[in-house]
Amino acid sequence: RDLPEICTTVSEFNSAFFGRNSSTLTDEGSNSLQENTDLLTQCPNLAFESGFAAPGERNAQSLSEDRAQAVADYYTNNGVESSRITTSGEGEVGGVTSKKGGTREYRRADSIPQR
């Protein structure tokens, strides 16, 4: 089967962001993942993903694993085969930000394309 060009050129997917100390998907996170799901449906050659925690969040390793699992569950509940998903919790991301609420970028799960 011929794959759409995007299946061979995509280098990143949308990230899903989470609330502080939470692994529950927000509406925004679900919307981002739906766009990814649409692409994954077209591209059976792709697999993915990792979860992260922000500096200062409780139980960073298990939280990042739970975030990755929340994304995996979203994908499988929306028709993506579980054999295409590898979850990995990356723990706490290092970094410093001076902006209020600036750690939001670290409270995420990334879906990293793997061919």
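The values are calculated or read from the model by the stated rules, or taken from the named source; none is laboratory data. Remember, predicted model here, so these are calculated numbers, not experimental data. Every residue, glycine as well, gets a Cβ built from its backbone with ideal geometry; the counts of neighbours run over all protein chains shown.
Residues that are small (Gly, Ala, Ser), touching a Leu at 6+ places or on another chain (Cβ under 8 Å) and modelled with pLDDT of 85 or more within the stretch 23-65 comprise just one, Ser23.
Within the stretch 59-75, being under 10 Å from the mean Cα position of the chain (by Cα) and of a type in the set (A, V, I, L, M, F, W, C) holds for Ala68, Ala70, Val71, Ala72. A Cβ distance below 8 Å, combined with a sequence gap of six or more or placement on separate chains, defines the contacts here; from the stretch 1-29, residues that are on the phi > 0 side of the Ramachandran plot reach no residue that is at pLDDT 90 or above and not in a helix (DSSP H, G or I). For the stretch 13-30, taking the residues that are surrounded by fewer than 13 Cβ atoms within 10 Å (Cβ to Cβ) and closer than 20 Å to Thr76 by Cβ, the one that is nearest to the chain's Cα centre (by Cα) is identified as Thr24.
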